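Each remark here refers to the structure printed beneath this line.
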2 protein chains.
Amino acid sequence: MSARGGSPTIVDVAREAGVSIKTVSRVLNHEPGVHESTRDAVLKVVEALRYRPKQSARSLAGGRSFLIGLLYYDPSAAFVGSVQQGATVRCRELGYHLVVESLHNDAPDLRQQIDRMVLALRPDGMILTPPLCDNPEVLAALRENGTPCVLMSPERDIVGVPSVRMDDVHAAEEITNLLISLGHRRIALIKGPPDQSASAARQQGFVNALQAHDIAVDPELMQPGSFTFDSGRDAAHQLLSRRQRPTAVFASNDDMALGVLAAAQRLGLSVPGELSVAGFDDSPTAALVWPALTTVRQPVAEMARTAVEMLVFGHKSELAPGDDGELHKVLAHELVVRDSTRAG
Amino acid sequence: MSARGGSPTIVDVAREAGVSIKTVSRVLNHEPGVHESTRDAVLKVVEALRYRPKQSARSLAGGRSFLIGLLYYDPSAAFVGSVQQGATVRCRELGYHLVVESLHNDAPDLRQQIDRMVLALRPDGMILTPPLCDNPEVLAALRENGTPCVLMSPERDIVGVPSVRMDDVHAAEEITNLLISLGHRRIALIKGPPDQSASAARQQGFVNALQAHDIAVDPELMQPGSFTFDSGRDAAHQLLSRRQRPTAVFASNDDMALGVLAAAQRLGLSVPGELSVAGFDDSPTAALVWPALTTVRQPVAEMARTAVEMLVFGHKSELAPGDDGELHKVLAHELVVRDSTRAG
DNA sequence: CTGAAAGCGCTTACAG
DNA sequence: CTGAAAGCGCTTACAG
């Protein structure tokens, strides 16, 4: 196809179409001001030659890499998997590509690892997942070399830095409301670790729901946990061995809810017959146990799609002071009602 | 730093170090034949300027992109997550970057999606995971535009195409041996779907182990399954309602083993007290249920590391006909013994 | 052991 | 609406 036998270049297309390379470039980049017949002729040749502009040349000349970086430190394979699913699909639709890099949140050479990626690849933007999106060192490194970022579910929003998240408070409120609507009154909460903001948010939602229904908040029914299976099991043992045990437990995440299931099984308590259990996250395991867990699904893939869009299209930067406008997006979650909850 | 205020370029480094850009290039690419004092001087400037060669320029001039592509169609988030973990780390060590693309195995524009990635990015190599690594269309597209590939756990090896896998037969044999050594004699197998080669391999290993111990292979104890939770639960109900039920069940994957656990629980059978259960895969869920599953861990991250190495370093292509030598690598798996198996 | 020149394949100003 | 020129920042031959 090409003059020298390799893949066709923009020169080959231009020659074949009888136009200048500049015109080919205009057509390919959807620039306005090209006569339709010219455009058609060019596109026909592009098609025939199966021509694709080379990213490295575009990047070098144009200063855009069409690369989006995804930085993560495996919080859970499922989370990253969904992020990627959403991000790669949206990238493809927009003509971008996703480069992933897994870092250790406490690696000594974190800064260098980031520099290496950013300075070598010059991604047009970066998506950060927890806990990296809350790491000051990471944020500083990226800000210094001017790479636009979007934070996914950060602990707290940062003024001027775009983010996407779900509403943990509201979701926890909804799932607690579900338990209440099922007739439960003695509802226990297994909390998350205090150093994660999601813990406080979910607890807040839980308390909100109880108060809205005039149900007393019993501190005895709020057990600490650490988002692990074991901590959930231990907390459940505490709760279920009380003289007046709860009829429902809301665990702040699925792993702990699985621990509750295990504890109930040990104690010979039937779920959901004698105890309703709800989790949070819709982890892959949630649907693979018996009874399948009622839980909340985070819109992770959608958050990732949104993050890509914010990076590619930019965001309104002309906002009044204090008006973060579209900078911090909150996406709708989904209540997933399965077999672990029942009227009680 | 730079002459024009942007990031420093090779010209800035050369000027500062008092050498030609060619010498800087030599140092950065570890080419031999540079005087040590010259090398040191260059490296010092590189350090001071925090200079990193721009990938797009290197790629355009040198014909190598330092990009490895990972093509997948979510077989399971856990698998892809481990692949990525291993691949990104090894890429970083070798100065490469990982670009991921999630495809649909039966997408109508599969060919275009691949062309788009390959022709635009020109990755130096591509890693394919199941089921894409067994898709003739995918393989043909990649072969046509000359992109080197490594197949991860393909159904069957292809002559001339590098692959990395584990030994399913041997692993199944080992886990069956474990059950036998625990004293079990009536051991059931829940098979995988016939269209996946892993199913046959795991069954083969199961049979091998029984025969090696002179235990009769009872066809009644080999139930069909389809690698899903439900199929495992159904098969277990069949097996456990027999007059003479098995004392151990080897499910060909973890999802089905979880189904067995659910079935046993329904039937009031204690695991591992009255029934031992073993799975295969070491899925994230395997450790998050009670009792935690005894299973086999695939060396997924290691396979990914190996795949990257095969792509970066190439493989011996000067082999005698028929001798695939290092082209098809088999990595060691790991038996993970947990709580679901016990003497019986 | 070191360097000057050409070129990779695009896009960006700048003209017309 | 279209094009000729310059240049992005490197590496590849080719010299010396």
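The values are calculated or read from the model by the stated rules, or taken from the named source; none is laboratory data. What you see is a predicted model; the values in this text were computed from it and never measured. Every residue, glycine as well, gets a Cβ built from its backbone with ideal geometry; the counts of neighbours run over all protein chains shown. Only protein heavy atoms, including side chains, enter the accessible area calculation; ligands, DNA and RNA are left aside. Shrake-Rupley method; radii C 1.70, N 1.55, O 1.52, S 1.80 Å.
Quick notes on this one:
- The conditions of being open to solvent by less than 10 Å² (accessible area, probe 1.4 Å), modelled with pLDDT of 95 or more and facing chain A (nearest Cβ under 8 Å) are not met by B:L151.
- When residues of the stretch A:6-18 are limited to those that are outside any helix (DSSP H, G or I) and near DNA strand C (Cβ under 9 Å from one of its atoms), the one nearest to the other protein chains (Cβ to nearest Cβ): A:S7
- When the stretch B:40-49 is filtered for residues that are crowded, with 18+ Cβ neighbours inside 10 Å and either under 18 Å from A:D115 (Cβ atoms) or more than 12 Å from DNA strand C (Cβ to nearest atom) (or both), the ones remaining, listed by number, are B:V45, B:V46.
- Output for the stretch B:125-138, where each listed residue is at pLDDT below 95 and over 21 Å from B:A77 (Cβ atoms): B:P136, B:E137
- Checking each residue in the stretch B:19-29 for being more than 6 Å from DNA strand C (Cβ to nearest atom) and under 19 Å from B:R50 (Cβ atoms) picks out B:I21, B:V24, B:S25, B:V27, B:L28, B:N29.
- Candidates B:V312, B:V296, filtered to the one that is part of a strand (DSSP E or B) and more than 14 Å from chain A (Cβ to nearest Cβ): B:V296
- If you check B:L151, B:L132, B:L98, B:L128 for being farther than 26 Å from B:G63 by Cα and within 18 Å of the chain's Cα centre (by Cα), only one passes: B:L132.
- Residue in the stretch A:195-205 that is most open to solvent (accessible area, probe 1.4 Å), counting only those that are modelled with pLDDT of 95 or more and out of contact with any Lys or Arg (no Cβ under 9 Å at 6 or more places or on another chain): A:Q204
- Single unsatisfied condition, B:V99 versus (1) at pLDDT 95 or above; (2) at the interface with another protein chain (Cβ under 10 Å from one of its Cβ atoms); (3) open to solvent by 20 Å² or more (accessible area, probe 1.4 Å): (3)
- Screening B:G18, B:G81, B:G62 for residues that are more than 10 Å from DNA strand D (Cβ to nearest atom) and outside the structural domain of B:P148 (by TED's automatic domain parsing) leaves exactly one candidate, B:G18.
- Test for A:Q265: is it within 21 Å of the chain's Cα centre (by Cα) and either open to solvent by less than 10 Å² (accessible area, probe 1.4 Å) or over 14 Å from A:L239 (Cβ atoms) (or both): no
- The set of residues from the stretch A:21-40 being within 9 Å of DNA strand D (Cβ to nearest atom) and part of a helix (DSSP H, G or I) comprises A:I21, A:K22, A:T23, A:V24, A:S25, A:R26, A:V27, A:E36, A:S37, A:T38, A:R39.
- Residue among A:V260, A:V271, A:V277 that is touching a helix residue (DSSP H, G or I) at 6+ places or on another chain (Cβ under 7 Å) and in a strand (DSSP E or B): A:V277
- Answer from A:R52, A:R92 - the residue that is in contact with a strand residue (DSSP E or B) (Cβ under 8 Å, 6 or more places away or on another chain), within 8 Å of chain B (Cβ to nearest Cβ) and surrounded by fewer than 21 Cβ atoms within 10 Å (Cβ to Cβ): A:R92
- Selected residue (criterion: surrounded by the most Cβ atoms within 10 Å (Cβ to Cβ)) from residues of the stretch A:60-81 that are in contact (Cβ under 8 Å) with a residue 40 or more places away in the chain and farther than 20 Å from A:L94 by Cβ: A:Y72
- Filter result for the condition that a residue is within 14 Å of chain A (Cβ to nearest Cβ), closer than 22 Å to B:S82 by Cα and open to solvent by 10 Å² or more (accessible area, probe 1.4 Å), over B:D281, B:D254, B:D234, B:D230: B:D281
- Test: residue in the stretch B:20-41 that is more than 19 Å from A:R122 (Cα to Cα), among the basic types (K, R) and touching a residue at least 24 places away in the same chain (Cβ under 8 Å): no
- All positions within the stretch A:26-39 that are under 40 Å from the mean Cα position of the chain (by Cα) and open to solvent by 30 Å² or more (accessible area, probe 1.4 Å): A:R26, A:L28, A:N29, A:H30, A:E31, A:P32, A:G33, A:R39
- Take the conditions (1) of a type outside the set (A, V, I, L, M); (2) more than 9 Å from DNA strand D (Cβ to nearest atom); (3) in contact with a helix residue (DSSP H, G or I) (Cβ under 9 Å, 6 or more places away or on another chain); A:E47 misses just one of them, which is (3).
- So B:S59, is it within 11 Å of DNA strand C (Cβ to nearest atom), at pLDDT 90 or above and within 30 Å of A:Q85 (Cα to Cα): yes
- Filtered by the rule that a residue be buried (at least 22 other Cβ atoms within 10 Å of the Cβ) and at the interface with chain B (Cβ under 9 Å from one of its Cβ atoms), the stretch A:104-117 gives a lone residue, A:M117.
- Every residue from the stretch A:72-99 that is farther than 20 Å from B:K54 by Cβ and aliphatic (A, V, I, L, M): A:A77, A:A78, A:V80, A:V83, A:A87, A:V89, A:L94
- In the stretch B:103-117, the residues that are free of Cβ contacts under 8 Å to residues at least 40 places away in the same chain form Cβ pairs under 8 Å with partners that are charged (D, E, K, R), at six or more places apart or across chains, as follows: B:L110/B:E137; B:R111/B:E137; B:Q113/A:R92; B:Q113/B:E101; B:D115/A:R50; B:D115/A:R52; B:R116/A:R52; B:R116/A:R92.
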